[in-house]
Amino acid sequence: MSNEELRSESRRRPFFARTWNFELRTSPIGLYAVLAVLVFPVFPHFVSPNELSRWALAAAIVEDHSLEISRYVQLLGGGRFEDVAERDGHLYSNKAPGAALIGLPGYVIARLIVGPPSPSNIRATLTAMRFAAATLPLLALAWMVARTARRLRSPLDRTRVAITILLFATPLFAYGLLNFSHALTAFALFGAWALLFVDPSPRRDVVAGALIGLAVISEYTTAIVCAVLILVAWRRAHRIIVGGIPFALLLAAYDYVAFGSVFSLSTASERYAPLRKLVGTGLFGIGVPDMGGALRQLFDPARGLFVFSPVLLMALIGIWRMRRVLTGSAWITLILAPLSLLILFSGYPNWHGGWNVGPRYIVPVVPFVAIGLAFVAASWIESLLAGASIVAVALASLTFPFPDVSFAIPWQTLGVPLLRDGLVAPNALHLVARPLAIAVPFALVLIAALGLQKRWFVLGGAVLMLALSAVLIQMRPPSLTQRLRVGYIEEVYFERRGAMRRALPPGAPIPPSAIARAQSESALPPSSWPF
C-alpha cells in the first residue's frame, strides 16, 4: 500500500479510533503500567552506577544549579563509584545527558515530597526519574508500535500480540522499570522511523528530527541508526535537521560547561581506569566489526537477545512479509536500523554492558524487530516461544535485574533461587503483605500472557523453558563461586543475614574478601526495604 493510500485510509477513520484502540489501551499496555507503578527495583545498598549517575546529575542541577556531581558521588560511595567523568578535579556524569534531563521533572516532583537528597530518599527520587525517562517512553513506544501496525492494516489480534511481546517478552520489560536510557531511545528511534517512512509529512519530518536528536543526546551510539534514517530520507534531510538542531545545541552547551568544549563528550573524560582504557581504543572503545561479537549479542547464554527472547525469531518472518505493506525505503530502513547497531557493537569488547538483562546496547532497536509479529499468522510455535520468552524475561527482571555476566541462563541460575527464597524486587506490596508482593507482579505478567493466542501453548512454552534450563543447569551445576554470588546478593542487596553461609556447603569458608566487601557495601545507600 502506498503512503498516499495509507493517508487516505487514515482520514476516513476518526483520530481516536486510529491511534488508541480501547482494547489495546487497557491491555497489555495498561497491565504494564500497573506493574511499573507497583515495582521499583532499587535495592538496598546496591549503588547502580548507570542509574545513579543520571540521578546525581539531576540532583546537582536542582540542588546546586550546577552540572558537577562531586558531592553526590561522595554520598554514593566516593572513589568506588564507577560511572563518573573527571575534568580538572571536578566530577560529572559520564552518561549522555538526555535521559537525565527527561527524568528531571520526576526528580523535582519527588523532591517536593521527600526533601533534599539523602540515603533514605534516593529510592523515591530515582523511581520518579525512571517513570519520566523510562516507563512513560516505553508505554509511548508500545502505543506507537500499535498505531503503526494498525496503520499498515495489521489485524487487531496480531497487533495485540506484537505489543504484548514487546512489553512482556523482550529485555525492554526490564528497562521500563530501570533508570537506563534504552526504553527512551527505543521510543525515539522507532518513532522517528514511523514518522519518516510510514506516515510522512513535512511537519512529521521535523518531529522525527527532534526524536533523532533526543536519541543521540540520550545514547551517543544511536547516532549510527539515526544516520541510516537520515541517509535514506535524504531528500527531506533539511527538515529533519531543523528538528534536531535544538538538541544539538543543548548537547553542545552541556559539553562546553562540563568539559570545556562543544566537541568534548563525557566518555572522553572517564575517571574509572578500566573504562578509560577501553574508550581509549578504537572509536570510544568500539573496534572493527566482528562476526563472533554479533553472534554473542544474539546467542550468548548469559546475554543473547534470542536466548532471552526466542519469540523474536518468528518476528523475522513478519519483517520479510512487511515488504508487501511498506514502501521500499520504509522496509530497507526497518532492516538496516537494527542491523547497523548490531554491527556497531559487534566490535565492542564490553558488548554485554555489565550487570543487566540481555544485550542492553542493542535493546533500543528491538521494536524494529518486534513489529514483525503483527504480520505473521498465529502458530503453536510462536506461542511456545512467547511463553519461553516471557518466563525468562519476567524471572530475570522481577527478582534481581542486575545479573553479572557469570550467570549463564540468569533466570534459572539467579532468578529461580531468589524466588525460591521468597525474594523479589522491591515493590509497593511489600508494605502490605509479603505473599502479595511476590504473587501480584507475576500474576500481572500471567494475565498479559493469557491475552496471547493459543494460550495453552504459551503456558507450555513457559514450563518447557523452565524445565529445559533446569536440565542444562543440572548438567553443569553452579560452582562454589556462583553459589556464593547468589548468597552475596541475598545477604547484602536483600538484607538476608547469613545468606552467604547458607549458600555454601557446611564447612566451606567464606572468602575474607567477600566478607569485607559485604561490610563495606552494607553501609551504602539506598536505604533498607522491608522484604
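The values are calculated or read from the model by the stated rules, or taken from the named source; none is laboratory data. Bear in mind that the values here come from a model prediction, so they are computed numbers and not experimental data. Positions of Cβ are backbone-derived with ideal geometry, glycine not excepted, and every protein chain shown enters the neighbour counts.
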| request: Looking only at region 273-285, decide whether some residue is of a type in the set (Ser, Thr, Tyr), more than 21 Å from the chain's Cα centre (by Cα) and in a loop (DSSP other than H, G, I, E, B). | output: yes
| query | So GLY292 clears everything in (1) surrounded by 16 or more Cβ atoms within 10 Å (Cβ to Cβ); (2) in a helix (DSSP H, G or I) except one condition, right? Which one? | reply | (1)
| Within the set of pairs 6+ apart or on separate chains, which have a first residue in region 308-322 that is in contact (Cβ under 8 Å) with a residue 12 or more places away in the chain and of a type in the set (Phe, Trp, Tyr), a second that is assigned to a loop (DSSP other than H, G, I, E, B) and surrounded by 16 or more Cβ atoms within 10 Å (Cβ to Cβ), and C-beta atoms under 8 Å apart? | PHE308/THR170; PHE308/PRO171; PHE308/VAL357; PHE308/GLY358
| Out of LEU52, LEU101, LEU57, which single residue is surrounded by fewer than 24 Cβ atoms within 10 Å (Cβ to Cβ), part of a helix (DSSP H, G or I), of a type in the set (A, V, I, L, M, F, W, C) and out of contact with any Cys (no Cβ under 6 Å at 6 or more places or on another chain)? | LEU101
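A quick yes/no check of all residues on (1) assigned to a loop (DSSP other than H, G, I, E, B); (2) modelled with pLDDT of 95 or more; (3) buried (at least 24 other Cβ atoms within 10 Å of the Cβ); (4) in contact with a Cys (Cβ under 7 Å, 6 or more places away or on another chain):
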site: TYR107; (1), (2), (3), (4): no, yes, yes, no
site: SER120; (1), (2), (3), (4): yes, no, no, no
site: ALA124; (1), (2), (3), (4): no, yes, no, no
site: ALA134; (1), (2), (3), (4): no, yes, yes, no
site: PRO137; (1), (2), (3), (4): no, yes, yes, no
site: ALA140; (1), (2), (3), (4): no, yes, no, no
site: LEU166; (1), (2), (3), (4): no, yes, yes, no
site: ALA174; (1), (2), (3), (4): no, yes, yes, no
site: LEU184; (1), (2), (3), (4): no, yes, yes, no
| task | Check region 331-350 and report whether any residue there is assigned to a loop (DSSP other than H, G, I, E, B), touching a Leu at 6+ places or on another chain (Cβ under 9 Å), in contact (Cβ under 8 Å) with a residue 40 or more places away in the chain and within 23 Å of TRP411 (Cα to Cα). | result | yes
| Candidate set from region 60-93 (those that are among the charged types (D, E, K, R) and over 16 Å from TYR107 (Cα atoms)); member that is surrounded by the fewest Cβ atoms within 10 Å (Cβ to Cβ) | ASP88
| List pairs: first in region 453-468 and of a type in the set (A, V, I, L, M) and surrounded by 21 or more Cβ atoms within 10 Å (Cβ to Cβ), second at pLDDT below 95 and outside any helix (DSSP H, G or I), Cβ under 6 Å, 6+ apart or cross-chain? | VAL458/LEU452
